[in-house]
Amino acid sequence: MKLSSSESWAVEPGELVCWRAVPGGAAARSSVPVSENERFHLASIAAGQPGWMALTLDFPEQIDLDQICEAVGTMIARHDALRSHYVQTGDVVTRLLHPGVDVKEEFRQADDGLSASAFASRLAGYIGATCNPFEPMPHFLAAVTRPGGTTLVCAFDHCYVDARSLAVVSTEICELLAGRAPAPAESGLDALRIVAEAEASVTADDPRLSGWEQFLAATGWTVPEFPLDLGVAAGESLPVHTMVRTLMSGDDAATFSSTVHRRGARTYPAVLTCAGMAINAAGGPDEVATVVPTGAGAGPGCVSWSVGNAPMLISATGDLYAAMYRNTRRLAAALPLAEIGLTPVYAAFGDRLRPGRSDVFMMSYVDYTRLPMPRGDVVVRQISSQKPTDTAQWWFWRDRDGIHVRVRYPHTDRAVAVLTDTLDTMQALVGTVLEPVLAADAG
């Protein structure tokens, strides 16, 4: 899996074939409550901010279009969250669920000589016009065919999928195209129900609320924001741009993991430590406050936006390995705080929160080497939609090619300079872990 963003997206042109998912059967109201994540996102959609995620699969051969249509239709039918949509009545949002789906061709468009970036920009326009979660099955489904291969594009509003879901979708489609039965699907709506039931069971004396209280008190009762000046005035949002960097190769990632494991740390908090120390070296705090997305209620065959939010202070000073050890313990302690959801947190502390940035400084990590993925000659990418932002957000991911980071940030000269310097420092810190081991191996 490779991560990108719509402002830097490029797709080799060809004949474009678009399908439309048509609901089958009458919709029924779902008993699964709309989550806090969904409510925030839907409010943003209603305010005119796009929020889609696209998946592309580049095949090195031409794929039969009827096979693609059938595979995509089967995939959607397997996942209840993809067969749902939202209805807003006043301030109340409910979820409707259709029992089936039929995928039909909508239009074809010949290759008209656009550049790869212009063609991708056209696709982004089609996706933005299609992925409206207040309409039934608002998924953009298309294929680009050319003599040298096929690109399949499946885009969904964020309410329907998260990063892990897109890995499930990509694998299922490839299995179906190969004539194999995918692994059993699990209910995405049941995953959301589990989260809602966990939230409803939280009482005022729940110790996890105390953990949130300690975190918010440490942040001055503001939602975390990237702690370095990115040249964005308070109350202002600017177009988002993206930096993508490979921090270590596949072999180096294995060396990094084994090295930090011997020191009592784990890979993800070790990576967070390098990022936190780089931020500190650029003038940031000794304790870097961030929110870490976590899986919530979702099994391996589940497609839905089932993500919790764990608050974490990254220790960013002192000996590197000692900090990695501390942050491994801190992350382990933070993960249970995500289990209660945000609703009880806002109910308990919402009146104490102070206004801050509109976006949250998050540092996410997905290890795709632990998830089923398509065969090695299929290139899989995740593309996120572009919208204004006022802070930086970091996504780390691991795949067969190594450990990488995508940083999305408000496009200012200062942000480019600050984040480039921070990533350079982070890469140097990673090097201090790798270089002694590599030198010893060479010797």
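The values are calculated or read from the model by the stated rules, or taken from the named source; none is laboratory data. The model shown is predicted, which means the values in this text are computed figures rather than measured ones. Cβ coordinates were reconstructed from backbone atoms using ideal geometry, including for glycine residues, and neighbour counts include every protein chain displayed. Accessible surface is based on the protein model in full, side chains and every heavy atom, while ligands, DNA and RNA are left aside. Shrake-Rupley method; radii C 1.70, N 1.55, O 1.52, S 1.80 Å.
How large is the dipole of the range 348-399 about the Cα centre if only Lys and Arg carry +1 and Asp and Glu carry -1, each at its Cβ, rounded to the nearest 20 debye?
Details: 8 positive and 6 negative charges, 11 e Å.
About 60 debye.
Roughly speaking, to the nearest percent, how much of the range 140-228's 1.4 Å accessible area is carbon and sulfur?
On the way: 1810 of 3230 Å².
Here carbon and sulfur together make up 56 percent of the probe-accessible area.
Would you list the membrane-span-like helices of the chain, meaning whole DSSP H runs whose alpha-carbon atoms span at least 27 Å along their axis and whose mean Kyte-Doolittle value is at least -0.5? It would help to have the intermediate numbers written out before the result.
Details: long enough: 413-442 (41 Å, 0.75).
Span-like helices, by this rule, are 413-442.
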Problem - Interchain or long-range residues, amide H under 5 Å from Asp102's placed H - result: Val22, Gly24
Practice task
Give the distance, in whole Å, between the Cα centre of the range 379-403 and the Cα centre of the range 101-141.
Solution key: 21 Å
Exercise for the section: Enumerate the amide H contacts of Asn309 below 5 Å, restricted to partners 5 or more residues apart or on another chain; note that Pro and chain-start residues carry no placed amide H. Expected result: Thr294, Gly341
Completion exercise
For Glu105 the rounded accessible area (nearest 10 Å², probe 1.4 Å, non-protein molecules ignored) is 100 Å²
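Around Pro344, with a cut-off of 11 angstrom between Cβ atoms, what is the net charge of the other residues, counting Lys and Arg +1 and Asp and Glu -1? Walk me through the numbers before you get to the answer.
On the way: positive: Arg208; negative: Glu36, Glu199, Asp206, Glu339.
Taking every other residue near Pro344 into account, the sum is -3.
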Problem - the chain - charge dipole about Cα centre, Lys and Arg +1 at Cβ, Asp and Glu -1, debye rounded to 20 - result: 500 debye
Fill in the blank from the handout: Scalar couplings 3J(HN,Hα) for the range 154-162 by Karplus 6.51 cos²θ - 1.76 cosθ + 1.60 (θ = phi - 60°), nearest whole Hz, x for Gly and Pro, are 10, 10, 9, 4, 4, 4, 8, 9, 10
Fill in the blank from the handout: Note, Ala234: beta-carbon cut-off 11 Å, +1 each Lys/Arg, -1 each Asp/Glu, net -2
Fill in the blank from the handout: Per residue convex hull volume, Cα only, the range 1-97, in Å³ is 161 Å³
Handout entry: Most to least accessible of His404, His158 (protein chains only, probe 1.4 Å)
Key = His158, His404
Fill in the blank from the handout: For the range 71-117 the mean separation of alpha carbon contacts under 8 Å (6+ apart) over residue count, i.e. relative contact order in percent, is 31 percent
Problem - Solvent-accessible area per residue, Å², over the range 214-320 with all protein chains present [probe radius 1.4 Å] - result: 36 Å²
Completion exercise
In nm, the gap between the two label points placed 7 Å beyond Cα toward Cβ at Thr246 and Ser117 is 2.2 nm
Practice task
Just add up the charged neighbours of Thr130: K/R +1, D/E -1, any other residue whose Cβ is under 10 Å from the Cβ of Thr130.
Solution key: -2
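Going from most exposed to least, what order do Val307, Val34 have by accessible area with a 1.4 Å probe? Spell out each step's value before the answer.
Numbers: Val307 40, Val34 15 Å².
The most accessible residue leads, giving Val307, Val34.
If you wrap the chain's Cα atoms in a convex hull and average its projection over all directions, what's the area in nm²? Show your work: numbers first, answer last.
Numbers: hull surface 88.6 nm².
Computed as one quarter of the Cα hull surface, the answer is 22.1 nm².
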Exercise for the section: Please calculate the 1.4 Å probe accessible area of Tyr325, with all protein chains present, and give it to the nearest 10 Å². Expected result: 100 Å²
Practice task
Pop out the ³J(HN,Hα) list for the range 382-394 in order, Karplus 6.51 cos²θ - 1.76 cosθ + 1.60 with θ = phi - 60°, rounded to Hz; leave Gly and Pro as x.
Solution key: 10, 10, 9, 6, 9, 8, x, 9, 10, 8, 9, 10, 10
Fill in the blank from the handout: Taking r as the C-beta separation of Glu106 and Ala43 and R0 as 30 Å, the FRET efficiency to the nearest 0.05 is 0.55
Practice task
Leaving ligands, DNA and RNA out of it, rank Arg326, Arg370, Arg20, Arg375 by accessible area with a 1.4 Å probe, largest first.
Solution key: Arg370, Arg375, Arg326, Arg20
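Rounded to the nearest 500, what is the 222 nm mean residue ellipticity of the chain from helices alone, with -39500 (n - 2.57) per DSSP H run of 4+ residues and division by all residues?
Numbers: 11 runs with 161 residues, N = 443.
Value at 222 nm, helices only: -12000 deg cm²/dmol.
Computed FRET efficiency, Cβ-Cβ of Phe349 and Asp91, R0 30 Å: what is it to the nearest 0.05?
Values: r = 22 Å, r/R0 = 0.73.
Result of the calculation: an efficiency of 0.85.
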Handout entry: Share, in percent, of DSSP beta bridges within the chain that are antiparallel, nearest 5
Key = 85 percent
